[in-house]
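Working notes for the structure below.
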Amino acid sequence: MNQQKVEAFNKRPTKRAFVGNLSYNLDVEDRVRALFSRSAIPVRNISIVPLKQPNTKCYALVECDVEMAIKCLHGVKFDGGILSVQHERKTGKPKKSNSKGFGGGWAAPSRTPNPLFDNPAPSLSEKMKNMSLIPESSVAEDGAANVVNTAGVNKMVPPTSSSDDVSEFHSRCKLSLDNLMQEYGSYDPDYEKMKAMQFNTSQNTSAYVVENKSNSQSLGMLASNGKAPIHVEVVSFGYKYSVPPQARDGWSHSNPLSPIDCRDLPRCPHYVAKLSGLSHKVKRAMLRLEKDDDNENSDNESDIEESPSVNPLVTKSEKVSESIIRALEEAINEGGHGYAFPLEVTIFLGSEYGRHRSVVLCEIVAQNIRNLLRRNEGNRISQPVSVSTRHRDVDKKHRDEEAFGVDLRREHEAEMKRKKKQEWLDSRW
């Protein structure tokens, strides 16, 4: 039965499949034959045709079942490329019809000769002959000189060579600007005076430029985000919504400080508590210096002057900023971090809800770090550093009233009622 199938296949008309995108080497025919045998496609003959450009590629013409080859092997990865299996496109000359005028065919329409296209264009010498500008003897010669006849006078014009043009160009390049401008017709006699004045002013300002360069170099190691090998990110969060997982990984140069708790700081005033810590009103209210109650009730003015109140938020921000700078210095000097070993440092600041105190402290700390990097006193930081902030819980949907200062408002209203009642009692007695 198999023998009958093979005989029937051999009796079929020969069709060849085009197999493209093959790498050309000595055993390409064997590999193509093995590929077709793995696909159960019988092959009669294989012809390998190398390409001229590029010479490392070739294509094969395979006598086989073309439809089956296209269905099984087109788009298959083979020998580092994707095969392209298609029908062979036979490029041959079309057969000429031998019909001799007994109908059934059509003939090409006869074309009337067009003098504009059929006649060849006259050459340059013929044009010059017709115009009688050049004598016939000079047209036939291909000498080194061209003869131009103008009003009966023959003038010999020597041909110009490219080497002369190049040498002339190089010689003109060596000319001064004054000579070129004078030749062009735009020479300014005051140009030399202006040039001398500019030279004197440049000498006077050279020292100023050097000072500016030194000042610009001493601006510090603060860089923009994305362009520095070391990046510091200050993150605010709320303990009500758990500590960030990264803060629990332990100490490393990327996590040098444990989460900083700022719940001991004064809460946001009740009259701006409905706003977030990103509002300038909240920042202004929390950064405003207020005297302690003990100093307000004190009768001795000298005690008030000697013990001025300091905002604890500002004090804490300065301590945190200094600790971050020390951590950066340690990471650069001991850890070897820089352009060859980039580093991302994350600092976590937490309050109760992550809405007021931690947000304001986060922004102030980032501002202090930028100022310290700009100054860079003592060249403590030797690598560029960028600073950014992120607030995890500032826009979270808080359900507690304490997040919006409602309890503080109630306490304030109760205190105001108590004061009014006390004033009324004092006025009555």
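The values are calculated or read from the model by the stated rules, or taken from the named source; none is laboratory data. Remember, predicted model here, so these are calculated numbers, not experimental data. Please note: Cβ atoms are built from the backbone with ideal geometry, for glycine as well, and neighbour counts cover all protein chains shown. Just the protein is used for accessible areas: all its heavy atoms, side chains included, with ligands, DNA and RNA removed. Shrake-Rupley method; radii C 1.70, N 1.55, O 1.52, S 1.80 Å.
Things worth noting here:
- Residue satisfying condition, being open to solvent by 70 Å² or more (accessible area, probe 1.4 Å) and in contact with a strand residue (DSSP E or B) (Cβ under 8 Å, 6 or more places away or on another chain), within set Asp79, Asp30: Asp79
- Considering the stretch 235-264, and only residues there that are part of a loop (DSSP other than H, G, I, E, B) and hydroxyl-bearing (Ser, Thr, Tyr), the residue that is most open to solvent (accessible area, probe 1.4 Å) turns out to be Ser258.
- Inter-residue pairs, beta-carbon under 7 Å, first on the phi > 0 side of the Ramachandran plot and assigned to a strand (DSSP E or B) and in the stretch 13-41, second surrounded by fewer than 15 Cβ atoms within 10 Å (Cβ to Cβ) and of a type outside the set (Gly, Ala, Ser), 6+ apart: Asn21/Ile82
- On the stretch given as the stretch 16-27, residues that are of a type outside the set (A, V, I, L, M), surrounded by 14 or more Cβ atoms within 10 Å (Cβ to Cβ) and either over 44 Å from the mean Cα position of the chain (by Cα) or under 16 Å from Leu73 (Cα atoms) (or both) total 4.
- Hits in the stretch 33-65 - residues which are surrounded by 13 or more Cβ atoms within 10 Å (Cβ to Cβ) and out of contact with any Phe, Trp or Tyr (no Cβ under 9 Å at 6 or more places or on another chain): Arg33, Phe36, Ser39, Ile41, Glu63
- Single residue of the stretch 30-56 satisfying the filter (charged (D, E, K, R) and closer than 19 Å to His87 by Cα) that is farthest from the chain's Cα centre (by Cα): Arg44
- For the stretch 291-341, taking the residues that are among the small types (Gly, Ala, Ser), more than 23 Å from Gln383 (Cβ to Cβ) and under 54 Å from the mean Cα position of the chain (by Cα), the one that is modelled with the lowest pLDDT is identified as Ser309.
- From the list Ala403, Ala366, the one residue that fits, being within 19 Å of Lys316 (Cα to Cα), part of a helix (DSSP H, G or I) and either open to solvent by less than 40 Å² (accessible area, probe 1.4 Å) or not hydrophobic (A, V, I, L, M, F, W, C) (or both), is Ala366.
- Boolean, Gly378 is over 29 Å from the mean Cα position of the chain (by Cα) and not in a helix (DSSP H, G or I): no
- Residue that is surrounded by the most Cβ atoms within 10 Å (Cβ to Cβ) [pool: residues in the stretch 265-288 that are without any contact (Cβ under 8 Å) to a residue 40 or more places away in the chain and assigned to a loop (DSSP other than H, G, I, E, B)]: Leu275
- Within the stretch 376-400, restricting attention to residues that are free of Cβ contacts under 8 Å to residues at least 12 places away in the same chain and closer than 30 Å to Ala340 by Cβ, the residue that is surrounded by the fewest Cβ atoms within 10 Å (Cβ to Cβ) is Gly378.
- Scan the stretch 233-273 for residues that are within 25 Å of Arg284 (Cα to Cα) and under 31 Å from the mean Cα position of the chain (by Cα) and the total you get is 4.
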